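Inspection log for the structure reproduced underneath, given as structure tokens.
The values are calculated or read from the model by the stated rules, or taken from the named source; none is laboratory data. Quick caveat, the model's predicted, so the values are computed rather than measured. Every residue, glycine among them, receives a Cβ derived from its backbone with ideal geometry; neighbour counts consider all protein chains shown.
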2 protein chains.
Amino acid sequence: MNPKIRSLRNQMLAKGINGMIVSNPVNIRYLTGLTAEGTLLLTSKENIFLTDSRYIEAVNSYLTIDQEIVAFDVRDLSTADYESYFNDCENVGFEEGYVTYEKYKKYLATYRINNFVETDGLIELNRFVKDEEEIENCKKACLITDKAFDYIKEYIKPGQTEKEIALELERYMKTNGADDLSFETIVASGPNSSMPHAVPTDRKIEEKDIIQFDFGCKVNGYCSDFSRVLFVGEITDEQKRVYDFVLKEYDFISSKLRDGLCVKEVLKEAEEHYSEEGYLLLHSFGHNLGLDIHEEPVLASRYETKLKKNMLLTVEPGVYLPGKFGIRIEDTILINKDGSNNLTKSGKAVCILKKTEIY
Amino acid sequence: MNPKIRSLRNQMLAKGINGMIVSNPVNIRYLTGLTAEGTLLLTSKENIFLTDSRYIEAVNSYLTIDQEIVAFDVRDLSTADYESYFNDCENVGFEEGYVTYEKYKKYLATYRINNFVETDGLIELNRFVKDEEEIENCKKACLITDKAFDYIKEYIKPGQTEKEIALELERYMKTNGADDLSFETIVASGPNSSMPHAVPTDRKIEEKDIIQFDFGCKVNGYCSDFSRVLFVGEITDEQKRVYDFVLKEYDFISSKLRDGLCVKEVLKEAEEHYSEEGYLLLHSFGHNLGLDIHEEPVLASRYETKLKKNMLLTVEPGVYLPGKFGIRIEDTILINKDGSNNLTKSGKAVCILKKTEIY
């Protein structure tokens, strides 16, 4: 059987759950590799993927015998089929954080379910630590991301808008191996950079601007996440001070991360550095990522997060001075036994686009 | 009070519902114009928008006194505040098709709710018919869409991939007034055109190709939706036959649409035309659109849909010959008293890109 489903089934049994309806398409992709619309049923006897006529052919040609997943077109199912699936299950799990109330009631009306139990987070817990193939996909996404940043440094000219630059970054990634963006690309220039979640505007790049980038792409569904700033022509003393602080925090945090670490203490210390300088913390220091761009756990001192080998994380300290500017530096990293590896590898020294380069 | 909320409140009262939790961000945008994350509470006394520190300032500067909506940062609310909102409501509505089971339970635990009733579809029903401002936004989106199609006809060169052309279309729309895409752009060439929901691939455009386009954009949240085909260098007799059939069906359906029409009979007749030619119907003939690209009602003979003045609809007949090609022609149209108006206005005569144009 597919090893991810086997592992989930063992965890279910440990909780006395012998059936599950998996509805969240990201969890279905994680467990099966399938991207078709449908529902995965783990019954006491079988793994069943219910889909429709648009997908059934592609699904059947994708599934191998080793997966031990049988696919049905819902047009071919009777009321009795639905009622039989969980007939012998004492407890059937569902994803209460994904399934709507309407769908919840529909499941209860469609299947014969003795005891419907909330299992949201169970599959997500398995997704914390990645296998080799997942890490390989993330590495590919990170490589495209680094190349896109190299490319855009050459592309930028004063007079271009944030939107134009963001679209060019996206075009580069999508035509160089990415299957999608990890999220909407952030290109925030001048004072716009002080908003952590800025949306690209029609503001034109000017001499002396700071430009904040935050972007990433997906390869086989797996995300990269990356932030850098560029300075146009020059950097002010205040910007240099903030840049140095953010880079120091990045180095402080990332140098500590390794298998087995409880991050609480390290992050508390990082928070103290912020207080000492009088900077506000507007967001966490990072997050897990994979098929979703934001996965649990989050790097924040309020959580009792313990790192494990083969977690994929972002480290992304930032400082934001409203009305002035903001600076965030971020890499996607891989936790290993004795430390961590950067999967995005672009340099982090101050990068000033010279006049001769941009005119 | 905001007229859309006033109208909803009247409908609620007619059903004995004196409170509602509106969670779906599209419904919140429709009712209030707000795009910030948050929840809209219609209590017996007030309209309340609960948001957080990221949005509260922008929300307060957007809301006018006429709207009669008061906004709160959730950090400033106590348990007692939450418990007071619906204390005097007999029935409180919620959107069971949007709210997850987890959220449903959280609402019950947070608010003091006597009777929690399902009201999904109530706001959506109001969204069927558009007001002047909504129509104006859709018209702007349609104009950008037409211009994008004109632009791309000049842009296309053999050797470009479907992906490249799709990205260029998207770039054009986003840098010419669109705030977003209505959906992922479809550019499907050669045999790929036989799949109604094709995703752009790395297939390169060749001489004698047919290219199916299906795309649209948003202005102030309101969608356009548009499909045309282009022929590269030449059109075959079979393609011409199918094209003429699809265009005739488009004209047949769109010529009948007007305020008050029950579409069932017209669509049944259109279906008969398909049977007579031996063509399969792979999707409906169209759908309502607005803040969502697919809104109710759908143009299919199985529904008892009655048209109303100021509905925005797509009309999009298509024929798909697997392994060969597909042809779909689609406009966004506005229903009026005596007929309908095309809001996308690109010509529908066969368009062959000449060799001299593309080399």
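Being hydroxyl-bearing (Ser, Thr, Tyr), touching a Leu at 6+ places or on another chain (Cβ under 8 Å) and in contact (Cβ under 8 Å) with a residue 40 or more places away in the chain is the requirement here; does A:Tyr62 meet it?
In short, no.
When the residues of region B:302-341 are filtered to those that are surrounded by fewer than 19 Cβ atoms within 10 Å (Cβ to Cβ), in contact (Cβ under 8 Å) with a residue 24 or more places away in the chain and not charged (D, E, K, R), which remaining residue is nearest to B:Asn220 (Cα to Cα)?
Here the residue is B:Asn310.
Are any of the residues in region A:67-76 touching a Lys or Arg at 6+ places or on another chain (Cβ under 6 Å) and farther than 30 Å from B:Ser194 by Cα?
No, that holds for no residue.
Hey, any hits in region A:47-58 for a residue that's in contact (Cβ under 8 Å) with a residue 12 or more places away in the chain, of a type outside the set (S, T, N, Q) and assigned to a helix (DSSP H, G or I)?
Within region A:47-58 (the criterion being in contact (Cβ under 8 Å) with a residue 12 or more places away in the chain, of a type outside the set (S, T, N, Q) and assigned to a helix (DSSP H, G or I)), the answer is yes, since at least one residue qualifies.
List the pairs whose first member sits in region A:162-174 and is more than 10 Å from every other protein chain (Cβ to nearest Cβ), whose second member is among the basic types (Lys, Arg) and not in a helix (DSSP H, G or I), and whose Cβ atoms are under 6 Å apart, counting only residues at least 6 apart or on separate chains?
Final answer for the pair search is A:Glu162/A:Arg203.
Inspect all residues belonging to region B:316-326 and state whether any of them is among the acidic types (Asp, Glu) and within 26 Å of B:Leu31 (Cβ to Cβ).
Within region B:316-326, none of the residues are among the acidic types (Asp, Glu) and within 26 Å of B:Leu31 (Cβ to Cβ).
Could you tell me how many of the residues in region A:70-120 are away from chain B (no Cβ under 14 Å) and in a loop (DSSP other than H, G, I, E, B)?
10
In region B:250-268, how many are buried (at least 17 other Cβ atoms within 10 Å of the Cβ), free of Cβ contacts under 8 Å to residues at least 24 places away in the same chain and over 13 Å from B:Ser301 (Cα atoms)?
Here the count works out to 1.
For A:Glu265, all conditions in the list (1) modelled with pLDDT under 95; (2) part of a loop (DSSP other than H, G, I, E, B) hold save one; what is the number of the exception?
Among (1) modelled with pLDDT under 95; (2) part of a loop (DSSP other than H, G, I, E, B), the lone unmet condition for A:Glu265 is (2).
Only one residue in A:Gly38, A:Gly16 is surrounded by 12 or more Cβ atoms within 10 Å (Cβ to Cβ) and of a type in the set (Gly, Ala, Ser), so which one is that?
A:Gly38 is the lone residue from the list that is surrounded by 12 or more Cβ atoms within 10 Å (Cβ to Cβ) and of a type in the set (Gly, Ala, Ser).
When the residues of region A:134-153 are narrowed to those that are within 20 Å of the chain's Cα centre (by Cα) and over 11 Å from A:Val219 (Cβ atoms), which ends up farthest from the other protein chains (Cβ to nearest Cβ)?
Restricting to residues being within 20 Å of the chain's Cα centre (by Cα) and over 11 Å from A:Val219 (Cβ atoms), the top hit is A:Ile135.
With respect to B:Glu271, determine if the residue is within 29 Å of B:Glu164 (Cβ to Cβ) and surrounded by fewer than 22 Cβ atoms within 10 Å (Cβ to Cβ).
Considered against the rule, which asks whether it is within 29 Å of B:Glu164 (Cβ to Cβ) and surrounded by fewer than 22 Cβ atoms within 10 Å (Cβ to Cβ), B:Glu271 comes out as no.
Might you check whether a residue that is more than 30 Å from B:Asn342 (Cα to Cα), among the basic types (Lys, Arg) and exposed (fewer than 14 other Cβ atoms within 10 Å of the Cβ) occurs anywhere in region B:95-104?
No, region B:95-104 has no match at all.
Of all residues being surrounded by fewer than 20 Cβ atoms within 10 Å (Cβ to Cβ) and of a type in the set (Val, Ile, Thr) in region B:60-69, which is nearest to the other protein chains (Cβ to nearest Cβ)? Just the residue, please.
Residue satisfying both the conditions and the ranking: B:Thr64.
Taking the condition more than 14 Å from chain B (Cβ to nearest Cβ) and not acidic (Asp, Glu), does A:Ile156 pass?
Taking the combined requirement at face value, the residue satisfies it.
Any residue that is more than 18 Å from A:Asp88 (Cα to Cα), free of Cβ contacts under 8 Å to residues at least 24 places away in the same chain and outside any strand (DSSP E or B) - is there at least one of those in region A:5-16?
yes
Take the conditions touching a residue at least 40 places away in the same chain (Cβ under 8 Å), out of contact with any His (no Cβ under 9 Å at 6 or more places or on another chain), among the hydrophobic types (A, V, I, L, M, F, W, C) and at negative phi and apply them to B:Leu281. Does it pass?
No, not satisfied.
Can you tell me which residues in region B:16-44 are away from chain A (no Cβ under 14 Å), in contact with a Phe, Trp or Tyr (Cβ under 9 Å, 6 or more places away or on another chain) and farther than 15 Å from B:Gly121 by Cα?
Once the filter is applied, which keeps residues that are away from chain A (no Cβ under 14 Å), in contact with a Phe, Trp or Tyr (Cβ under 9 Å, 6 or more places away or on another chain) and farther than 15 Å from B:Gly121 by Cα, region B:16-44 yields B:Asn18, B:Gly19, B:Thr32, B:Gly33, B:Leu34, B:Gly38, B:Thr39, B:Leu40, B:Leu41, B:Thr43, B:Ser44.
Yes or no, residue by residue, for (1) surrounded by 22 or more Cβ atoms within 10 Å (Cβ to Cβ); (2) touching a Gly at 6+ places or on another chain (Cβ under 9 Å); (3) not in a helix (DSSP H, G or I):
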| site | (1), (2), (3) |
| --- | --- |
| B:Cys142 | yes, yes, no |
| B:Thr145 | yes, yes, no |
| B:Lys163 | no, no, no |
| B:Arg171 | no, no, no |
| B:Gly177 | no, no, yes |
| B:Ser193 | yes, yes, no |
| B:Pro196 | no, yes, yes |
| B:Asp202 | no, no, yes |
| B:Glu207 | no, yes, yes |
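Just for region A:179-191: of the residues that are more than 10 Å from chain B (Cβ to nearest Cβ) and not in a helix (DSSP H, G or I), which one is surrounded by the most Cβ atoms within 10 Å (Cβ to Cβ)?
This residue is A:Val187.
For the structure I just gave you, tell me whether A:Asp259 is assigned to a loop (DSSP other than H, G, I, E, B), at pLDDT 95 or above and among the acidic types (Asp, Glu).
yes
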